[in-house]
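Undergrad: A single structure is presented below for examination.
The values are calculated or read from the model by the stated rules, or taken from the named source; none is laboratory data. In this text the structure is predicted, and so the values were computed from the model without any measurement. Here Cβ is always computed from backbone atoms with ideal geometry, including for glycine, and neighbour counts include all displayed protein chains.
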Amino acid sequence: MTPATPAPVRAPAYRSRFATAVFDVLNPVPYGLFVGTLIFDILYAITRNVFWGKGAAWLVTAGLLFAIVPRVINLCHVWIPSRYPVTRLERLDFWLNLFAIVAAVFNAFVHSRDAYAMVPPNVILSAITVALLSVAQIVHALDKFGFREARREQVR
């Protein structure tokens, strides 16, 4: 008799529940902060009150800080191989969020200018950021909607 070989260690068939929970809690926060940035930028463009420009600068900075953790989790989930398949919608969500964050970084640099030199690039970059994140939120919702479950039901 030969000794039995140990069974290979398998990767879990599910995603980390902790990482998923942290992602689900923190993912909408930057979106709200960037929407607030857009509102403050529009108010600043209309009123020229420096308060709105400074508030928008703080909001875009806070949005970028809160975007770090969910983007790192999304980066690991989408690009590190695992047994759990990654859908095209998840990859599209990743790219939309990445481009939105790049636009937000440029927006943060625009907000570091003199108060009257911010308009109109601040409104344009805020609108681009919010538009990309809006599409990303829709894509993320469609991915969670569960087209995979609908496909399984059709096969049976």
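Undergrad: Looking at I42, I138 in this structure, which one is assigned to a helix (DSSP H, G or I) and touching a residue at least 12 places away in the same chain (Cβ under 8 Å)?
TA: Details: I138 fails: touching a residue at least 12 places away in the same chain (Cβ under 8 Å).
The conditions single out I42.
Undergrad: Within the stretch 9-38, restricting attention to residues that are assigned to a loop (DSSP other than H, G, I, E, B) and more than 28 Å from G55 (Cβ to Cβ), which residue is modelled with the highest pLDDT? So that I can check it myself, show each step before the final result.
TA: Let us first name the residues in the stretch 9-38 that are assigned to a loop (DSSP other than H, G, I, E, B), namely 9-16, 27.
Narrowing further to those that are more than 28 Å from G55 (Cβ to Cβ): 9-16.
Working: V9: 50, R10: 52, A11: 50, P12: 50, A13: 51, Y14: 56, R15: 70, S16: 81.
Only one residue tops the list, namely S16.
Undergrad: Considering (1) in contact with a helix residue (DSSP H, G or I) (Cβ under 8 Å, 6 or more places away or on another chain); (2) under 14 Å from N74 (Cβ atoms); (3) exposed (fewer than 14 other Cβ atoms within 10 Å of the Cβ), say which one D24 fails and leave the rest.
TA: Every listed condition holds for D24 apart from (1).
Undergrad: Only residues that are exposed (fewer than 14 other Cβ atoms within 10 Å of the Cβ) and in a helix (DSSP H, G or I): list them for the stretch 110-134, please.
TA: Of everything in the stretch 110-134, those that are exposed (fewer than 14 other Cβ atoms within 10 Å of the Cβ) and in a helix (DSSP H, G or I) turn out to be Y116, A117.
Undergrad: Now for a separate question. Would you point out which residue out of R148, R113 is at pLDDT below 95 and either under 24 Å from T47 (Cα atoms) or under 12 Å from the mean Cα position of the chain (by Cα) (or both)? It would help to see each step written out before you state the result.
TA: Working: R148 fails: either under 24 Å from T47 (Cα atoms) or under 12 Å from the mean Cα position of the chain (by Cα) (or both).
Exactly one residue qualifies, and that residue is R113.
Undergrad: Evaluate the stretch 35-44: report whether one residue or more is closer than 17 Å to L132 by Cα, surrounded by fewer than 22 Cβ atoms within 10 Å (Cβ to Cβ) and not β-branched (V, I, T).
TA: Yes, the conditions are met somewhere in the stretch 35-44.
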